[in-house]
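Participant: Mind having a look at this structure? Questions to follow.
Any read-out appearing in this document is the output of simple, stated calculations on the displayed coordinates, not a laboratory observation. No experiment lies behind these values; they were computed from the predicted model shown. A quick note on method: Cβ atoms are made from the backbone with ideal geometry, for glycine too, and the neighbour counts reach across all protein chains shown.
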Amino acid sequence: MVYLITFFFVISAFMVEGPVDDRGWAFFKGGLLAFFIESLIFIPYIAIGLHLHKKHKPRLQYVYYPWEQLVAYVQKQQDIGPSIFTERTLLTLAIPDPDNPETALAAASIAVGHETAGLAQWESIRRFMEDGPEACPGPRDYGTLAHYRESCRKARAEMPLVAWLWKKVGDWFFQRNLAHRLTERRVNHLIPKSLPAELQAWSQPLSDEQHSKPSAALLEANRRAQALRRKNRGISPQAVLEMLHKEAKEGDVLLA
């Protein structure tokens, strides 16, 4: 701010019409000297700041990890403030750091609302990655441009004229139609084009020969768990796992 004031003070001296007395020249020379000293301070400061900003600016970098290294867990996170206490349930996907088991090379968390919803979300991700899109339910139409248009047609058919006109005023004021169009274009066109070619190639589904196959131990554990559930119809999945763990730990024969 001081630098700009000094700059305009020096410039204003050239806008004076008529002769300038000695006092005016003294003020001009003093302002010019102050502007020169401030330039010696501010110009290197700005140049160094721009250099450091460019040097340490975050850069988008894609790092590829095998799917088998990914771990997932559902956790509850408590946020405590001066006058509020909230609890969130998060599904976290992480790549563990082999050199430090307590940290992760990369991690991402999403709020899922409840542990059961988090498990369902993870199961959808796992089935998509291992069995392909056909193994997952289709995406909901909610929030898309087609859903917005369908809701407008439904509102026109069901709502009274005055209420429907008031809704159209709200749609125009909040630009809902434009927002849906821009989102649709961004999701379907802009985002796919922004991904690098190597990431798109890496994201292609693997052939059946490249899919990891369940081990013999896993198949045997699944067979025993299914047999145990058939024998005890009312048992919960958690109880099945506890009984199998007890069998493996103590050597008890639980299955006939």
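Participant: Name the lysines eligible as straight-distance cross-link partners of LYS246: C-alpha to C-alpha under 26 Å, and not fewer than 8 places from it in the same chain.
Facilitator: Answer for LYS246, where 26 Å is the Cα cut-off: LYS231, listed by chain and number.
Participant: Right, another one. What spacing in nm lies between the two simple spin-label points modelled at LEU219 and PHE36, each 7 Å away from Cα in the Cβ direction?
Facilitator: Label at LEU219, label at PHE36, 8.8 nm between them.
Participant: Is segment 111-256 rounded, prolate or oblate when judged by the Cα gyration tensor, a ≥ b ≥ c being the square roots of its eigenvalues, rounded requiring a/c under 1.5 and prolate requiring a/b larger than b/c? Don't skip to the end; give the middle numbers.
Facilitator: Numbers: a/c = 4.03, a/b = 1.93, b/c = 2.09.
Judged from the Cα gyration tensor, segment 111-256 comes out oblate (a/c at least 1.5, b/c at or above a/b).
Participant: Which order do LYS57, LYS167 fall in if you start with the one that has the fewest other Cβ atoms within 10 Å?
Facilitator: On the way: LYS57 7, LYS167 16.
Going from sparsest to densest Cβ surroundings: LYS57, LYS167.
Participant: How would SER207, SER151 line up from fewest to most surrounding beta-carbon atoms within 10 angstrom? Working shown, then result.
Facilitator: On the way: SER207 7, SER151 13.
Fewest-to-most Cβ neighbours within 10 Å comes out as SER207, SER151.
Participant: Charges only on Cβ, +1 for Lys and Arg, -1 for Asp and Glu: so what's the dipole of segment 152-214 about the Cα centre, in debye to the nearest 20?
Facilitator: Values: 11 positive and 6 negative charges, 114 e Å.
With Lys and Arg at +1 and Asp and Glu at -1, about 540 debye.
Participant: In what order do GLU38, GLU242 fall by count of nearby beta-carbon atoms within 10 Å, going from fewest to most?
Facilitator: On the way: GLU38 16, GLU242 12.
Ranking GLU38, GLU242 by Cβ neighbours within 10 Å, fewest first, gives GLU242, GLU38.
Participant: Would you please put 193-199, 71-77, 92-98 in order of how densely packed they are, using the mean number of other Cβ atoms within 10 angstrom per residue and starting with the highest? Before the final figure, lay out each step's value.
Facilitator: Values: 193-199: 9.6, 71-77: 12.9, 92-98: 14.6.
So the peptides 193-199, 71-77, 92-98, ranked by packing, come out 92-98, 71-77, 193-199.
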